[in-house]
Every structure is written in C-alpha cells, then in structure tokens.
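I have placed the structure first, in the form of structure tokens, so that the comments after it can refer back to it.
The values are calculated or read from the model by the stated rules, or taken from the named source; none is laboratory data. These numbers were taken from a predicted model, which means no experiment stands behind them. A quick note on method: Cβ atoms are made from the backbone with ideal geometry, for glycine too, and the neighbour counts reach across all protein chains shown. The accessibility values were calculated without ligands, DNA or RNA, using every heavy atom of the protein model including side chains. Shrake-Rupley method; radii C 1.70, N 1.55, O 1.52, S 1.80 Å.
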Amino acid sequence: MATPDRNLHPVNLPADWAPQGWRERVAVQQPSYPDQGALATVQRELAALPPLVTSWEIMSLKHCLAEAQEGKRFLLQGGDCAENFSDCSSEVISNRLKVLLQMSLVLVHGLRLPVVRVGRFAGQYAKPRSTDTETRGGQTLPSYRGDIINAPDFTAEARTPDPRRMIKAHARSAMTMNFVRSLIDGGFADLHHPEYWSLGWVGHSPLADEYHRMVSSIGDAVRFMETLSGESVHNINRVDFYTSHEALLLPYEEAQTRQVPRQWGWFNLSTHFPWIGMRTAALDGAHVEYFRGIRNPVAVKIGPSVTPDQLLKLIDVLNPDDEPGRLSLIHRMGAAHIADKLPALLDAVKRDGRRVLWICDPMHGNTESTSNGYKTRRFANIRSEVEQSFDLHAAAGTRLGGVHLELTGEDVTECTGGARDLTDADLERAYRSTVDPRLNYEQALETAMLIVRKQAQIAKPASA
Ligand code: PEP
Ligand code: CO
C-alpha cells in the first residue's frame with residue numbers, strides 16, 4: 001500500500017503552537033529595537049507582502065531531502081556566511097550560482113547521484129555574535145548583527161537596530177530569487193552547455209584539466225542518452241535550486257509564517273529550508289519553539305558540546321512523527337574534535353532509529369585568527385573534517401548525506417591552502433568577508449572533487 005499522503009493526513013499537528021508562541025521563551029541573539037511601534041508596523045507590512053517561496057516548492061524539497069536520507073541523493077548547501085545588501089548584484093549572484101552548479105556537476109558525475117542544490121542565499125542576512133556590544137576607543141555600541149538588523153560602520157546611527165531593514169532584506173531576497181529563477185529557467189543551467197557555467201579562471205587553474213574532462217564526459221553522456229531515447233533530455237535534466245538561511249531574527253520569520261489554501265499547518269514562506277544556528281539551539285529556547293511548528297524541512301547546527309541525550313530530545317521536539325525529509329543535522333565539530341565528538345551522536349541516533357539527514361559543515365569548527373589579524377580557515381582542516389566525516393559515518397553504519405559550505409564565486413583570498421596553496425600573507429590581497437572566511441571558487445570546486453574521491457575510497461571493498 002502507498003504511504004499515506006501527509007498533506008491529507010496531518011500527523012500530530014501541534015495544537016499548542018502559534019507563530020508568535022516563541023515570545024514566551026528566552027530568545028537569544030535578538031537585537032533590541034528602540035521603537036517597538038516601528039517594529040510592529042514593519043511586521044504587519046511584511047505579513048501583507050507576497051511570500052518569497054511557495055508551500056509546493058517546500059514540500060518538493062522535503063521529498064528530495066527524504067530521498068537524500070535514503071542515500072538516493074546528495075545535498076550541496078552553500079553560499080556566503082552573510083549576504084550584504086551591497087552584494088545584491090548581477091555579477092555576485094550569477095558567479096555564486098555558477099560555482100554551485102559546477103560543484104554539483106562534479107558531484108553528480110563522481111557520486112552518480114542526483115544532487116539537491118540549496119543556496120545559503122536570498123535571506124542569509126542575520127548573524128549571531130559572541131557579544132551584544134563592541135567597544136572601540138572608549139565608545140560602546142551594539143554589535144553588527146547583519147544587514148537585516150544594522151550596518152557595520154562604527155557609529156551610533158549605523159549600529160542602532162532599524163526594523164525597516166527587514167523590508168529591504170525581503171526585497172533583496174526577492175530580487176535574488178527572481179534573478180536565480182530567471183537564469184535557471186532561461187537555460188543558464190542547461191546540461192548541454194556546461195561551458196556557460198564557466199568562470200574566467202577555469203582556463204588557468206591547476207584543476208582545469210580534471211574539470212574539463214568531467215564536463216566533456218557529461219556532454220557525451222547527455223548526447224548518448226538522447227541518441228538512445230530519440231528525445232531531448234532538456235526537461236528531465238533541468239536543475240532545481242532551493243534557498244536556505246539561518247532563521248535567527250524571529251520577528252522577521254514570524255511575519256512570514258502563513259497558512260495556505262489546500263495544505264494544513266503553517267509554513268515559513270521566506271525560505272525553503274531554514275536552519276537553527278549552534279548558538280540558538282537550546283531545547284527550551286525561542287528558536288526551537290518556533291521551528292517545531294512550521295512544516296518546512298528544517299536543519300539544526302550541532303556543535304561539539306551537544307550530548308547524545310540532548311540531541312535525542314531535540315529530535316523529539318523537532319520531528320516527533322519521524323517524518324521523512326523533515327530534519328537535517330548539520331555537524332560542525334572542527335577537524336580536531338570530530339573524531340571525539342561525532343561517533344556517540346551517530347550511535348545514539350542510529351540506536352534510536354531516528355530518521356535524519358546528516359550533513360557536514362567543515363567550516364565553522366575550523367575558524368582561527370592569523371598573526372596578521374585575519375580570521376581564516378585552513379583548507380587542510382576543512383578537507384580533514386570532510387574526510388573524517390565520511391570515515392566516521394562509514395564506521396558507525398550511518399550515511400553522510402550532504403555538505404554545508406561557505407563559499408563565493410568571487411576570487412577572494414579568505415581561506416588559506418588549496419590548489420594554489422594560499423598563505424597567510426596572501427590573505428590581504430582580496431579579503432572581503434565582513435564575517436566568516438569563505439572558500440573561493442577554486443577551493444570550492446576542489447572540495448567537490450575531494451568529496452568524490454573520498455566517497456569512491458569508502459565505497460571500495462576493504463580488500464580492493
Ligand atoms: C553560520 O552558519 O554562519 C554560523 C554562524 O554557524 P554556526 O551556528 O554553526 O556557528
Ligand atoms: Co559563518
């Protein structure tokens with residue numbers, strides 16, 4: 001018998017939940033808006049604007065994530081640490097899309113699996129900070145919390161949280177989505193022409209030969225299938241793109257949480273796939289309370305301090321029905337800690353038979369400062385965390401179903417190492433991030449290649 005349609009047969013719809021219910025809990029990492037009236041006005045305005053995504057798209061992503069849980073797909077989630085309003089430009093958006101498409105091509109080719117593509121964009125505007133305030137030269141001001149909240153300049157005016165920025169973030173997100181959708185619908189991602197996805201660098205990169213070999217072998221495969229079937233593969237191979245962001249700023253998320261015709265429950269219609277950051281994942285906190293009631297697929301960042309017991313409780317709250325595709329766990333332990341911390345979590349989830357999608361974020365546990373004052377990440381550590389993740393999942397009998405990366409299509413120098421072996425001294429050449437260091441296009445592609453190599457090594461029988 002077919003499994004019941006969860007759209008028609010709601011399971012355990014939380015009757016005790018409302019979009020504003022998080023207000024009863026402790027909400028960490030929220031700005032203090034000086035004018036609560038202005039905040040309420042903005043929330044009403046946001047609630048009346050059209051949504052950024054639809055419930056149908058959200059449900060189709062959930063279905064894809066359910067397939068990834070079964071090993072039938074691999075998830076690639078990536079983009080900037082934080083989007084800036086000033087980066088909402090044609091070049092930045094299309095370059096980021098290109099690098100994600102190139103990586104997904106490498107993954108599809110090497111893993112022989114369809115790839116679910118999820119951008120960290122069209123809404124990734126709010127950042128958690130380690131302190132609420134920042135002091136410079138005797139002056140103390142609120143910390144910069146992302147363009148949706150305030151501006152980075154160190155003046156009282158720039159740093160005062162302004163709710164109108166939410167309207168601007170919503171508009172920028174809509175423009176980003178609109179451009180991404182148009183590029184994709186207009187044939188930008190056509191598998192017949194992967195050369196359209198090329199960035200200028202490919203010709204002179206140490207990785208160019210390997211990438212071009214893949215592109216031509218995919219071109220051959222597409223032509224072969226078309227010859228065989230006598231049909232164009234255009235329709236079946238059109239790529240989909242989904243969006244995600246850290247749903248940190250709860251008044252913004254609440255205002256876009258809606259009910260829609262012909263579907264039960266509530267949807268966050270500002271993004272397909274919101275996640276809870278490591279600093280806001282407390283079981284009794286406001287973010288977990290908000291997330292438990294929405295029907296989107298959701299993810300949680302899992303850091304080294306999470307215990308197996310806490311993790312199982314979090315799963316109980318966020319996915320009480322063990323619904324396929326609903327919950328992803330993004331582990332971000334750091335190369336030095338993952339071997340210590342991850343196995344107990346994998347065992348506990350497996351032993352309890354919980355259905356989750358395991359994703360590796362090899363970025364956030366590997367951030368360090370250089371002696372010349374840059375926040376960086378060493379490619380060797382990123383690589384090591386990815387490789388250890390594959391090994392640890394293989395040893396535990398669980399499956400690593402995706403990766404979560406901070407990257408850009410721009411030629412930046414923010415992470416060291418990689419094929420060009422960037423050094424600390426290279427960082428000053430093109431360091432642009434206002435928050436975390438991102439992989440540049442070449443390091444991003446190299447990461448996709450190393451995933452493929454590692455997966456191939458794991459899949460080989462021990463005697464081979
Ligand atoms: C992030 O994804 O940018 C982030 C802040 O991550 P985490 O919550 O894992 O620290
Ligand atoms: Co980050």
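Taking trypsin sites (Lys or Arg not before Pro) across the range 26-83, the ones in a DSSP loop with at most 16 further Cβ atoms lying within 10 angstrom of their Cβ are K72. Multiplying each eigenvalue of the alpha-carbon gyration tensor of the range 341-381 by 5 and taking the square root yields semi-axes of 33, 9, 7 Å, largest first, rounded to whole angstroms.
A Cβ-based charge dipole, computed about the Cα centre of the chain with Lys and Arg at +1 and Asp and Glu at -1, lands at about 620 debye. Expressed in units of 2.2 N^0.38 Å, where N is the residue count, the Cα radius of gyration of the chain is 0.96.
For the range 347-464, carbon and sulfur atoms together expose 44% of the accessible surface, with a 1.4 angstrom probe and every protein chain in place. Measuring between their Cα centroids, the range 325-395 and the range 72-109 lie 21 Å from each other. 3J(HN,Hα) along the range 74-85: 10, 9, 10, 10, x, x, 5, 4, 9, 7, 10, 4 Hz, from the Karplus curve 6.51 cos²θ - 1.76 cosθ + 1.60 with θ = phi - 60°, whole Hz, x for Gly and Pro. Loop-located GluC sites (Glu not before Pro) in the range 64-136 (DSSP state other than H, G, I, E, B) with a sparse environment of at most 14 neighbouring Cβ atoms within 10 Å: E70.
On a per residue basis, the range 100-156 carries 36 Å² of accessible surface, using protein heavy atoms and a 1.4 Å probe. Max-minus-min Cα coordinates of the range 73-148 on each principal axis give 57, 26, 18 Å, with the largest extent listed first.
Given a Förster distance of 41 angstrom, what is the FRET efficiency for R181 paired with S305, based on the Cβ-Cβ distance and rounded to 0.05? Working shown, then result.
Numbers: r = 39 Å, r/R0 = 0.95.
Working from the Cβ atoms, E equals 0.55.
In this structure, the pairs whose alpha-carbon distance is over 31 Å, taken from K72/K341; K62/K313; K350/K375; K72/K168, are K350/K375; K72/K168.
Computed over protein heavy atoms with a 1.4 Å probe, the accessible surface of the range 340-401 works out to 42 Å² per residue. For the range 354-457, the alpha-carbon radius of gyration amounts to 1.12 times the rule-of-thumb value 2.2 N^0.38 Å expected for a compact globular protein. Computed across the range 263-398, the Kirkwood radius stands at 15.8 Å (inverse of mean 1/r, all Cα pairs). Near Y242, the amide H atoms lying under 5 Å from its own belong to R117, V118, G119; only residues 5 or more places off or on other chains count, and H is placed 1.01 Å from N. The Rg/Rh ratio for the range 403-464 is 1.12, where Rg is the radius of gyration of the alpha carbons and Rh is the Kirkwood radius. Within the range 244-295, the trypsin sites (Lys or Arg not before Pro) that combine a DSSP coil assignment with at most 11 other C-beta atoms in a 10 angstrom radius are R262.
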